[in-house]
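The values are calculated or read from the model by the stated rules, or taken from the named source; none is laboratory data. All values reported here derive from a predicted model rather than from experimental measurement. Cβ: placed from backbone, ideal geometry, glycine included. Neighbour counts: every protein chain shown. The area values use the complete protein model at the heavy-atom level, side chains included, leaving out ligands, DNA and RNA. Shrake-Rupley method; radii C 1.70, N 1.55, O 1.52, S 1.80 Å.
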Amino acid sequence: MRKNGLKLGVGPMALSALALVAGCGKTGTADETPAKVEAPKAEYGSWGVDTTQGDPATRPGDDFARYANGKWLDTFEIPADLPGFVSFTKLRLDAEADVKAIIEELAAKKSAPGSLEQKVGGFFKTFMDVEKLDALGAAPLKPHLDRIYGIQSKDDLMRAYAEYNVHGVAPVGVGILPDPADTTRYIAFVGQSGLGLPDRDYYLKREDKFVQYRAAYKDFIAKMLTLAGIADGAAKADAILALETKVAEVHWSQEDSRDIQKIYNPMNLDQLQALAPEFNWALIMDELKLSAAPTILVAQTTAIDKEAEIFAAADMNLLKDWLAFHFIRTHAQYLASSFDKANFEFYGKTLRGVPEQRERWKRGVNEIDASLGEAVGKIYVDRHFPPQNKSAMDALVKNLVAAFEERLKANDWMDEATRAQALAKLATFEPRIGYTTKWTDYSSLEIGDDLLQNSVNLADFLWRDQVSRLGGPVDRERWDYPPQTVNASYNPLMNQITFPAGILQPPFFDLAADPAVNYGAIGAVIGHEIGHGFDDQGRRFDEKGRIRDWWSPASNDAFQKKADALGAQYDGYKPLPDASISGKLTMGENIGDLGGIQMAYAAYHRYLDECCGGEAPVIDGLTGDQRFFLSWAQVWRGKYREDEQRQRLETDPHSPPYYRINGVVRNVDAWYDAFGVTAEDDLYLPPEQRVRIW
Ligand SMILES: [Zn+2]
């Protein structure tokens with residue numbers, strides 16, 4: 001059991017009361033907190049932030065991230081098997097160990113065939129049996145390659161595109177989602193796909209680094225084909241890379257792909273057929289059991305149109321090689337170690353800069369989390385999510401929402417009509433905390449003793465589980481990830497914010513920490529998720545999750561001006577000597593961060609007003625406001641390897657941790673006051689240049 005400072009032996013109510021007033025000198029009555037019980041100790045430092053990791057020689061106003069985390073940044077070494085390390089990483093490693101213990105217990109039980117224990121234990125066992133996989137070599141691939149190389153007609157090809165949408169890579173990606181026009185029902189979506197490198201830029205950029213990535217990719221393709229016993233690997237790799245380069249040219253950028261106004265193109269089947277006539281869409285949809293979809297959201301229209309042309313014009317043999325390669329590489333870790341190692345060498349070492357492959361059991365746990373996560377999640381919750389965490393979170397969320405409501409009512413740039421709509425949207429926000437109440441039913445899943453087949457069965461199961469919802473009402477109780485996940489999310493179509501059990505731990509959330517710390521950490525994360533409902537994309541959705549323009553032209557212009565100013569700030573940050581942040585790609589996350597910290601700060605002061613006449617105690621010479629901002633900086637104590645950072649700058653909508661600290665605080669007036677920041681300091685922005693949105 002992880003140390004979490006919660007083992008007090010007092011009731012949940014006492015603990016949540018304690019959390020809400022800790023640090024204000026009102027730590028509960030004698031019968032709530034028996035004298036013999038020691039006060040809980042925060043996991044980080046004595047009150048919630050480990051202040052020994054900073055750099056006292058740096059002035060907070062010059063570089064707040066360094067001031068708070070300088071020693072850590074200088075001395076912490078990223079473990080050899082990881083692409084980077086942030087506060088999430090530590091919790092993920094903890095959760096991995098916790099889930100492993102659960103899996104091993106399940107695996108050790110004598111269980112009936114078809115039971116959940118047998119499925120979890122059985123999958124893990126086949127995943128861990130490398131000796132058997134090595135003895136089998138490429139043999140498990142045979143039925144799949146026979147299937148691919150047996151393709152004869154164009155219709156066969158369409159059926160294969162549908163099948164490999166579920167089991168690898170296809171020219172387009174297909175799935176279902178709630179209808180943005182009526183979020184009580186599901187529709188289908190079609191998006192661009194077909195690449196083996198992380199993004200179109202990897203095919204098109206001319207910088208040395210990208211030239212090297214492409215050369216390595218070509219070698220990797222050849223290696224995978226050769227390992228699978230497919231002849232002429234090198235020549236085929238050339239042709240595959242050339243095909244994907246054509247596809248990359250027509251792909252939309254990451255920036256355009258997250259623009260809801262650009263990707264919201266509802267069509268019926270005839271319209272999709274007219275858009276991309278080279279594909280037999282009726283056949284693809286039928287194979288995928290999506291024919292009943294009332295509407296198809298076609299995301300990157302021009303890319304899908306041209307991809308269909310490119311694939312239709314390509315040689316049939318090339319397409320078979322292309323499908324084979326992607327099936328092999330997306331299943332490499334279910335095959336002999338030669339495949340697994342080659343896959344890591346390229347995707348881990350070359351593209352992300354990771355020196356060592358992770359131990360196999362860790363990857364096995366990740367596999368279970370990704371596909372059988374709820375099967376272990378229920379036990380994880382019983383063991384690692386005390387009920388008092390839920391009540392403390394309820395109180396925090398309530399206070400955050402109230403603080404945001406106040407700020408919305410007071411904001412000076414929205415007109416009354418738009419404000420009323422924003423308040424209506426806030427009123428329907430639904431927080432979900434800890435875990436789902438509707439667990440996935442795995443009874444139709446079969447797990448045997450063939451790992452590759454098990455992985456295919458799992459993908460099939462997850463697909464069936466997804467498409468079976470089509471035609472029924474949208475289920476608001478389903479979760480997209482299991483409770484052991486260390487993350488949080490906002491779903492604009494559901495207007496839901498979700499905080500799984502995995503993230504409700506220090507340094508994000510610690511019942512034993514000073515309230516300033518919880519508000520600066522999980523409070524700001526809650527605010528961040530609420531902020532997504534009102535970021536550059538989230539604001540396009542209304543109180544029912546529908547795409548609807550509820551903005552007056554004047555309020556729209558005012559928002560846009562602020563967002564542009566924020567984007568320009570981030571465009572100016574250069575995490576690598578030759579690569580900048582894209583203010584447009586990271587816009588939603590930056591607005592979430594900025595709004596989140598503003599909401600959390602206001603909520604912290606609401607809390608102080610209620611509990612302590614507005615006064616926070618000074619602890620270790622630090623004011624409550626200083627501790628609040630230091631907590632935010634501790635949450636974003638992190639760094640990435642260079643290749644990983646480069647990949648993230650291309651594909652990740654989040655700014656790097658360092659800028660999630662400095663890029664945010666310099667826009668917040670309260671931070672200037674807390675640390676006495678003046679025009680002499682490097683991070684200083686004149687008040688008129690500070691961006692204030694939410
Ligand atoms: Zn976010």
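A Cβ-based charge dipole, computed about the Cα centre of the stretch 162-210 with Lys and Arg at +1 and Asp and Glu at -1, lands at about 120 debye.
Given axes a ≥ b ≥ c from the Cα gyration tensor, I'd like to know whether the stretch 556-653 is rounded (a/c under 1.5), prolate (a/b larger than b/c) or oblate. Mind dumping the intermediate values first?
Working: a/c = 3.36, a/b = 1.65, b/c = 2.04.
Note, shape of the stretch 556-653 comes out oblate.
The H on the amide N of ARG692, modeled in the peptide plane, is under 5 Å from the matching H of no residue at least 5 residues off or on a different chain. Here the chain is treated with +1 on each Lys and Arg Cβ and -1 on each Asp and Glu Cβ, and its dipole about the Cα centre works out to around 820 debye.
Between ARG469 and GLU309, how high is the FRET efficiency from 1/(1 + (r/R0)^6) when r is the Cβ-Cβ distance and R₀ = 30 Å? Nearest 0.05. For ARG469 and GLU309, the calculated efficiency is 0.40.
Backbone N atoms of the stretch 569-600 closer than 20 Å to the 7 Å Cα→Cβ label point of ASP673 belong to residues 594-600. For GLU642, the solvent-accessible surface computed with a 1.4 Å probe is close to 100 Å², ligands and nucleic acids excluded.
Please label the shape of the stretch 259-406 as rounded, prolate or oblate, based on the square roots a ≥ b ≥ c of the eigenvalues of the alpha-carbon gyration tensor (a/c under 1.5 means rounded; beyond that, a/b larger than b/c means prolate, else oblate).
On the way: a/c = 2.33, a/b = 1.25, b/c = 1.86.
Taking the square roots of the gyration eigenvalues as a ≥ b ≥ c, the stretch 259-406 is oblate.
Given a 1.4 Å probe and every protein chain left where it sits, what share in percent of the accessible area of the chain is carbon and sulfur? Ligands and nucleic acids excluded, carbon and sulfur give 52 percent.
Cross-link partners for LYS109 among the aspartates and glutamates, with Cα-Cα distance under 13 Å and sequence neighbours closer than 8 places in the same chain left out: GLU117.
Straight-line reach from LYS425: taking Cα to Cα under 30 Å and skipping same-chain neighbours fewer than 8 places apart, the lysines in range are LYS262, LYS390, LYS398, LYS409, LYS438, LYS544, LYS561, LYS562, LYS584.
Taking the average, over residues, of other Cβ atoms within 10 Å as the packing measure, peptides 621-627, 512-518 rank 512-518, 621-627 from highest down. Partners of LYS205 within straight-line reach, counting aspartates and glutamates whose Cα lies under 12 Å from its Cα and excluding those fewer than 8 residues away in the same chain: GLU249, GLU650. Near PHE189, the amide H atoms lying under 5 Å from its own belong to GLY175, ILE176, LEU177, LEU297; only residues 5 or more places off or on other chains count, and H is placed 1.01 Å from N.
With every protein chain left in place, what is the accessible area of PHE85 in Å² (1.4 Å probe, nearest 10)? About 30 Å², rounded to the nearest 10. Projecting the Cα positions of SER338, PHE327, LEU290 onto the charge dipole of the stretch 248-341 (unit charges on Cβ atoms of Lys, Arg, Asp and Glu, taken about the Cα centre) puts SER338 furthest along the positive direction.
Among 563-569, 680-686, the peptide with the highest mean count of other Cβ atoms within 10 Å heads the list, and the full ranking is 563-569, 680-686.
So if I take the centroid of the Cα atoms in the stretch 206-260 and the same for the stretch 430-448, what is the distance between those two points in Å? Their Cα centres are 36 Å away from one another.
Each stretch of four or more DSSP H residues adds -39500 (n - 2.57); spread over every residue of the chain, this sum gives -16000 deg cm²/dmol at 222 nm.
For the residue pairs LYS100/LYS132; LYS223/LYS246; LYS236/LYS349; LYS246/LYS341, the alpha carbons lie more than 25 Å apart in LYS246/LYS341. With Cα atoms as the point set, the chain shows a radius of gyration and Dmax of 26.1, 80 Å.
In the context of the full set of protein chains, residues of the chain present 40 Å² of accessible surface per residue (probe radius 1.4 Å, heavy atoms only). Starting from the Kirkwood Rh over alpha-carbon pairs, what translational D in µm² s⁻¹ does the stretch 384-490 have by Stokes-Einstein at 10 °C and 1.306 mPa s? Diffusion coefficient, whole number: 89 µm²/s.
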